[in-house]
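The values are calculated or read from the model by the stated rules, or taken from the named source; none is laboratory data. Bear in mind the structure is a predicted one, so any value in this text is a computation, not a measurement. With ligands, DNA and RNA removed, areas are computed over all heavy atoms of the protein, side chains included. Shrake-Rupley method; radii C 1.70, N 1.55, O 1.52, S 1.80 Å.
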Amino acid sequence: MGKLHVKNGTPVGNTHLCKSCTMGQCITGYRESDLLVICNNTSPNIVVPFTVYECSEYSDKHKPNWQQMEKLAIDIQPVRISSKTAGFSTSPMLHPASNTGVDEEEDEVARIR
């Protein structure tokens, strides 16, 4: 018999979300059942008696904050390699190419366009 997946059912697993949160304090004993979790995000701090699956105030401690990202960032100044402007340039005046051996009527039509 295979596994049956129930949408929005009871989550399977026992990893505590508070272990990777910046505001969670986890104290582990020698036995698997010896685990004390304290949430420091509430006032007063509370002991969490169950495994947390989802938290609205979760803040991952493995993800850098804004000050750490600014400290690690490299300042890049724009450097112009070429004196020419990149992209499309405008030329002062376009001149039609001289066509030798073309009828005068075709030249006149080309000038009108």
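Here are some notes:
- Backbone phi angles across the stretch 20-32, fed through the Karplus curve with coefficients 6.51, -1.76 and 1.60 (θ = phi - 60°), yield HN-Hα couplings of 10, 9, 5, 9, x, 10, 10, 10, 10, x, 6, 8, 5 Hz in residue order; Gly and Pro are listed as x.
- For T15, solvent-accessible area (1.4 Å; no DNA, RNA or ligand), Å²: 120
- With all protein chains modelled, accessible area of H62 [1.4 Å, Å²]: 140
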